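Colleague: Mind looking over this structure? Questions follow.
The values are calculated or read from the model by the stated rules, or taken from the named source; none is laboratory data. For clarity, every value in this text was computed on a predicted model and none was experimentally measured. Heads up, the Cβs are rebuilt from the backbone with ideal geometry, glycines too, and the neighbour counts pull from every protein chain shown.
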Amino acid sequence: MSALIDEPTTAAAPESAAPLEQRRRLARRPGARLGQGRPSTVQTVITVVLTAFLAWQVVVPLLALVYASLKDVRPDDPSFLSPTFTLQNFIEAFDSRMVEVTLTTLVFGLASSVLAIVLGGFLAFAITRTNAWLRGLMAGLVIAQLAFPSVIYPVAWQYLLSERMGVFNTWWDDATGAGPLTDVNSLPGMVLVQAFEMLPMVYLFLVPAISAMNRALEEAAEMAGASRTRALLDIGLRLSAPALVATLLVAMMRAWDSFAVPWTLGSTQGIFTFSTELFRRTTTPPSDTGLISAFATPMVVLSVIMVFYYQRFNRAASRYAVMTGKNYRSEPIVLGPVGRVVVAVVGLAIGTVAILLPTAILVWISSSHRPSRRWTRSPSPPTRRPSPPTRWSGGSPTAS
């Protein structure tokens, strides 16, 4: 019987299978459809030129920063190029002041980035995934903030919520007599203003990821017994996790090197971040180039780490892709009448606070000829210098 049973044999693969698979692999490469299996000379030259340009813009300044941090003399000193190095600058830089500035920068960057993600994510979801009212107006308000100068933005918030001259604090004090309501010249105020300033960037980063969600997956989860909130958290939130984390890292890098908001709102109260501390040490004589470079090195290192993880999350985005058919359409979530009103009110409130109030206060201040009550509390009114007497000469007045 055993002789009549043939042992299973493995069929030999045809000789053309390996070349066929190799041809398929080559066909999926960029430029294969154009008959460009290998990069041309023009592509090679462009790649080399761009790489050299980026190296000159990024690598050379980094090397110069590290080199200056290891020297104890200024760049104009003849011994600056001598092969002698020291770590004394790093020893002096890592003091209690460095720890305080680092903690302030971390709290400021992380808190403002998280708040911007929450606000920008809500607006992106409400505009692209729901049928809320006035979605076009909400999107227009967010995009319009891009036209607001970043240097003037914290100044507008000083006119709004500053303890000394804020309009809302003045109105509150006049109405209740309880003193100022809040003060934007503080770390929480800096976090709030920086989050509003980054709102358009976060919104534009999250709109493509949120709008590309497949509503059919959430509907299937709801048919299986899951609630709408559970379906959004388990499916939508997980599919958009790479975009959320990547946007959070970009926002942290933006807040990390932000200067206008910390300098305008925090420097008067002694609150300094890395950027404002470096500016203060650079502009305050005598400036120590080596100590300033050593102080800036941790800032650059942390920025490089965030860029590394940003690229890592971007490479892992393909793990969160789903296979969809040709009839895929991103349909909005149908809200009830109350839900449409609530989402519209919250979205318009964010847009009003972020862009309309700062714009209105700047227009009002620039067009008003009456000084604020806070500015006129001086012991003696300012005196105007008398104008010089005029005399008439040849039919025209001239100052004597």
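Colleague: ILE117: in a helix (DSSP H, G or I), within 19 Å of the chain's Cα centre (by Cα), surrounded by 17 or more Cβ atoms within 10 Å (Cβ to Cβ) and among the aliphatic types (A, V, I, L, M), yes or no? It would help to see each step written out before you state the result.
Modeller: Numbers: in a helix (DSSP H, G or I): yes; within 19 Å of the chain's Cα centre (by Cα): yes; surrounded by 17 or more Cβ atoms within 10 Å (Cβ to Cβ): yes; among the aliphatic types (A, V, I, L, M): yes.
Yes.
Colleague: If you check PHE295 against the conditions, is it within 21 Å of the chain's Cα centre (by Cα), at pLDDT below 90 and either in a helix (DSSP H, G or I) or exposed (fewer than 15 other Cβ atoms within 10 Å of the Cβ) (or both)?
Modeller: On the way: within 21 Å of the chain's Cα centre (by Cα): no; at pLDDT below 90: yes; either in a helix (DSSP H, G or I) or exposed (fewer than 15 other Cβ atoms within 10 Å of the Cβ) (or both): yes.
So PHE295 fails the test.
Colleague: What are the pairs, 6+ residues apart or on separate chains, where a residue within the stretch 190-212 that is under 23 Å from PRO149 (Cα atoms) has its Cβ under 7 Å from a residue that is among the basic types (Lys, Arg)?
Modeller: MET198/ARG254; MET201/ARG254
Colleague: In the list PHE53, PHE80, PHE85, which residue meets the criterion of being at pLDDT 80 or above and either of a type in the set (D, E, K, R) or not in a helix (DSSP H, G or I) (or both)?
Modeller: Criteria check complete, one pass: PHE85.
Colleague: In this structure, is SER150 modelled with pLDDT of 95 or more and within 16 Å of LEU192 (Cβ to Cβ)?
Modeller: No; evaluated as a whole, the condition is false for this residue.
Colleague: Additional query: State yes or no: is THR264 polar (S, T, N, Q) and either surrounded by fewer than 20 Cβ atoms within 10 Å (Cβ to Cβ) or more than 27 Å from GLN145 (Cβ to Cβ) (or both)? Walk me through it before giving the result.
Modeller: Values: polar (S, T, N, Q): yes; either surrounded by fewer than 20 Cβ atoms within 10 Å (Cβ to Cβ) or more than 27 Å from GLN145 (Cβ to Cβ) (or both): no.
When the stated conditions are applied, THR264 does not pass them.
Colleague: What residue, among those in the stretch 131-143 that are in contact with a helix residue (DSSP H, G or I) (Cβ under 6 Å, 6 or more places away or on another chain) and not aromatic (Phe, Trp, Tyr), is nearest to GLU331 (Cα to Cα)?
Modeller: ALA132
Colleague: Moving to a separate point now. Output the residue which, of all residues in the stretch 267-280 that are surrounded by 18 or more Cβ atoms within 10 Å (Cβ to Cβ) and within 23 Å of TYR67 (Cα to Cα), is modelled with the lowest pLDDT.
Modeller: So the residue we want is LEU278.
Colleague: Please go through the stretch 127-179 and give me each residue that is touching a Lys or Arg at 6+ places or on another chain (Cβ under 7 Å) and in a helix (DSSP H, G or I), ordered by number.
Modeller: Once the filter is applied, which keeps residues that are touching a Lys or Arg at 6+ places or on another chain (Cβ under 7 Å) and in a helix (DSSP H, G or I), the stretch 127-179 yields ILE127, THR170.
Colleague: Of everything in the stretch 157-205 that's surrounded by fewer than 22 Cβ atoms within 10 Å (Cβ to Cβ) and touching a Pro at 6+ places or on another chain (Cβ under 6 Å), which residue is farthest from PHE259 (Cα to Cα)?
Modeller: ASN169
Colleague: Specify which of the listed residues (LEU248, LEU265) is within 19 Å of the chain's Cα centre (by Cα), closer than 25 Å to ALA124 by Cα and not basic (Lys, Arg).
Modeller: Values: LEU265 fails: closer than 25 Å to ALA124 by Cα.
Every option except LEU248 fails the conditions.
Colleague: I've got another one for you. Here are some conditions: (1) under 22 Å from PHE272 (Cβ atoms); (2) surrounded by 15 or more Cβ atoms within 10 Å (Cβ to Cβ); (3) touching a residue at least 60 places away in the same chain (Cβ under 8 Å). SER150 meets all but one. Which one does it not meet?
Modeller: SER150 satisfies all of (1) under 22 Å from PHE272 (Cβ atoms); (2) surrounded by 15 or more Cβ atoms within 10 Å (Cβ to Cβ); (3) touching a residue at least 60 places away in the same chain (Cβ under 8 Å) except (2).
Colleague: Any chance the stretch 206-217 includes a residue that's crowded, with 16+ Cβ neighbours inside 10 Å, part of a loop (DSSP other than H, G, I, E, B), out of contact with any Gly (no Cβ under 6 Å at 6 or more places or on another chain) and modelled with pLDDT of 90 or more?
Modeller: no
Colleague: Given the conditions (1) within 30 Å of ALA68 (Cα to Cα); (2) at pLDDT 85 or above, and given that SER162 satisfies all but one, which numbered condition is not satisfied?
Modeller: Failing condition for SER162: (1).
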